[in-house]
Amino acid sequence: MDKNEEQQAYIDEMVRKRGYVLDYHKVLTKYDFDVMRATDNLVNAAYLQPRRLDRKVKELIFIVSLTVMRSEKNHIQSHIRTALKLGVSAEEILEALEMALPEAGVVAFQTGFDAWREVVGATGIEPSESALQDFKGTP
């Protein structure tokens, strides 16, 4: 197997194990395969290998920690999609995300919430026209 085939096989296996790959996985695999493998070994040990916490719990922890750290929305969404595929309900994910509110605040929560809303297709309740017309604003 040549290097390109090995790299492609590696990315494909990451998707099979994780349920996703991020852009940095793809680029790092192409340009610095040794570092990608070393990084992936840590992720495998902490996240993918069966230990005391099951994969559903680990996904919820990832979703909340990435939200609190204000990670990119697509990274949070990759873990939301994986959690849903594993059988975690949209409501369970939202409840986990709400744990970010007291510790990280509304601004951090909103990034995770927006990621969740887009993935699950959640919609809100729009205000009525009469309420909008009744708004007087601040004097």
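Nothing in this text is a laboratory measurement; each read-out follows from the coordinates by a stated rule. These numbers were taken from a predicted model, which means no experiment stands behind them. In this analysis, Cβ positions are derived from the backbone assuming ideal geometry, glycine residues included, and neighbour counts consider all displayed protein chains.
Which ones in segment 10-38 are under 27 Å from residue 104 (Cβ atoms) and surrounded by 15 or more Cβ atoms within 10 Å (Cβ to Cβ)? Within segment 10-38, 18, 19, 20, 21, 25 meet the criteria. Among the numbered conditions (1) of a type outside the set (S, T, N, Q); (2) farther than 30 Å from residue 102 by Cα; (3) in contact with a Phe, Trp or Tyr (Cβ under 9 Å, 6 or more places away or on another chain), the only one that residue 79 does not meet is (2).
Scanning segment 77-103 for residues that are crowded, with 18+ Cβ neighbours inside 10 Å and either among the aromatic types (Phe, Trp, Tyr) or more than 12 Å from residue 60 (Cβ to Cβ) (or both) yields 77, 78.
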